[in-house]
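So the structure is just underneath, and the comments pick up after that.
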Amino acid sequence: MVTATISCSYPQLRYRPSPRCRRHGPAAATVAALATPRSEQDIVIVGAGVAGLATAVALRRLGVGAAVLEQGDALRAGGTSLTLFKNGWRVLDAIGVADELRPKYLRIQGMRMRSPGRDLREFSFDEEAPGQEVRAVERRALLETLASKLPPGAISFSSKLKSISEQGRAGTLLELEDGRQILAKIVVGCDGVNSPIARWMGFSEPRYVGHMAFRGLAEYADGQPFEPKVNYIYGRGVRAGFVPVSATKVYWFICFNRQDPGPKITDPTALKTEALELVRGWPSDLLAVMRSTPEGAVVRTPLVDRWLWPGLAPAASRGGRVVLAGDAWHPMTPNLGQGACCALEDAIVLARRLADAGADGAQAAAAMRAYEAERWARVFPLTARAGLVGALVQWENAAVCAARDGVVIPRLVRLGPFLEHTNFECDLLEPAPESP
């Protein structure tokens, strides 16, 4: 069994795999096995999103192989961009992908906060939060970069989970829609907000929080004209913002109150029209960004979360064989920009726990419990805080909004303390030596 030793403990996460470490077989063998009607694997990661791919990359750097199952026929290109703060970049540095992404995306220098009619406050990250690193990254590019660090064919596409069942000491049986069966010693559920694995483990469905979001990615072939700042605009029950992503792209969003999510809209023209109608008469720079967005690059989603109340939420692992990470475990609203960052943090913590324990017996169960304890203390407060921040900034009451615009934002908000949750240090995962 592959193992790895840890040379120092969290929060300084520098791992030096022991000489015993090796990969669990070549990629070609894994792919060939997964293509058979029934196969056996040590570690199977379900879901090729941010959490799943980052976990696979982190494990690989520690000398541990994993098969990744993705229900789609390719990496998911949906979504627009993800805003990553310094904790996310620390993890990307640790797993060896950050330097490929940084040159492509602008480093955000500050923040501008407005109402539809006037400026409220401006911040400089260098002055208010020294050492902060903020960049908006295209989701597609992040997934492709992570996937490029895995062996060819490490991801099995068109592999949708049909059922999951415990098989005692033998492991966990995954049955796929196409009839294939995979017996896994360890299953890592990274299958997103509506995770079938989380449902199987007894988790409730994510809670709709009462507001929805439009997101879009504007394109400027001749170069976008904006300073590298996050722009927030606060209305009554509606807020919007935009942030330059690169020299030619700008990400934007609108959050708006709605009692229920309503029917799904698939018509791209209707989506863009509805979004523009919500902010009619708002600042011209926001409207210009939205109008510069290809119709197919606008999405609308309900915002959901799941608070992991102690004593009420199920455990993050089951039987020492199955464990959750990322949105599958702790979906959170985007109000702190921490969904993807926390998924990356999960990945590196879980990978080092599993690499140290191996895939067999009580050690794996103990590793999963340790991972849950370490991460619960981090993600539960963040999930709750994100939800509360969203509830506060979505107020519709005129008096409350007036106090927000006249007192809270101009006089009380301090960026440094607000961003303390982005403090997360992890050193490089040093690549394991190649097997002979």
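Just so it is clear, none of the values below were taken in a lab; they were calculated from the coordinates. It should be emphasised that the depicted structure is a prediction, and the values quoted were computed from it without experimental measurement. Every residue, glycine as well, gets a Cβ built from its backbone with ideal geometry; the counts of neighbours run over all protein chains shown.
General remarks:
- Among Ala154, Thr333, Gln363 the positive-end extreme of the charge dipole of the stretch 38-422 (Cβ point charges): Thr333
- Net lengthening on full extension, Asp285/Glu219 (0.36 nm per residue, minus Cα-Cα): 22.4 nm
- In sequence order, the stretch 57-63 has phi-based couplings of 5, 4, 4, 4, 5, 8, x Hz under the Karplus curve 6.51 cos²θ - 1.76 cosθ + 1.60, θ = phi - 60°, and Gly or Pro positions carry x.
- Positive dipole terminus of the chain, leading residue within Phe85, Ala403, Ala56 (C-beta point charges): Ala403
- When only Cα pairs below 8 angstrom with a gap of at least 6 residues are kept, the stretch 122-250 shows a relative contact order of 15 percent.
- Gained length - Ser204 relative to Ala362, 0.36 nm times residue gap less alpha-carbon distance: 54.1 nm
- Taking a Cβ cut-off of under 13 Å around Pro331, the surrounding Lys, Arg, Asp and Glu residues balance to a net charge of -2, with basic ones at +1 and acidic ones at -1.
- With the simple model of a label 7 Å out from the Cα in the direction of the Cβ, Gln181 to Arg140 spans 3.9 nm.
- Over all other residues within a Cβ to Cβ distance under 11 Å of Ala370, the charged ones net out to +1, with Lys and Arg as +1 and Asp and Glu as -1.
- For the chain, averaging the sequence separation of C-alpha pairs within contact (under 8 Å, six or more residues apart) and dividing by the residue count gives a relative contact order of 25 percent.
- Ordering of 407-413, 382-388, 112-118 by packing [mean C-beta count within 10 Å, highest first]: 382-388, 112-118, 407-413
- Of the peptides 57-69, 170-182, 311-323, the order by per-residue mean of other Cβ atoms within 10 Å, starting with the highest, comes out as 57-69, 311-323, 170-182.
- Sum of -39500 (n - 2.57) over DSSP H runs of 4+, divided by residues of the chain (222 nm, nearest 500): -9000 deg cm²/dmol
- Its Kirkwood hydrodynamic radius, worked out from the mean inverse distance over all distinct Cα pairs, puts the chain at 22.5 Å.
- When only the Cβ of Lys, Arg, Asp and Glu is charged (+1, +1, -1, -1), the dipole of the stretch 84-152 relative to its Cα centre reaches about 260 debye.
- For the cross-link pairs Lys162/Lys185; Lys86/Lys272; Lys104/Lys160; Lys249/Lys272; Lys160/Lys185; Lys104/Lys272, the ones whose C-alpha atoms lie over 23 Å apart are Lys86/Lys272; Lys104/Lys160; Lys104/Lys272.
- Pairs of Cα atoms nearer than 8 Å and 6+ residues apart set the relative contact order; for the stretch 274-373 it is 24 percent.
- Peptide ranges 120-132, 261-273 listed from the most packed, as the mean C-beta count within 10 angstrom indicates: 120-132, 261-273
- Between Glu166 and Ala403, residue separation times 0.36 nm minus the direct Cα-Cα distance comes to 79.8 nm.
- Those GluC sites (Glu not before Pro) in the stretch 376-426 that DSSP places in a loop and that have at most 14 other beta carbons within 10 Å: Glu396, Glu425
- Spacing of the modelled spin labels on Thr301 and Asn257, each 7 Å from Cα toward Cβ, amounts to 2.4 nm.
- Axis of helix 361-393 versus longest Cα principal axis of the chain: the two differ by about 10°, to the nearest ten degrees.
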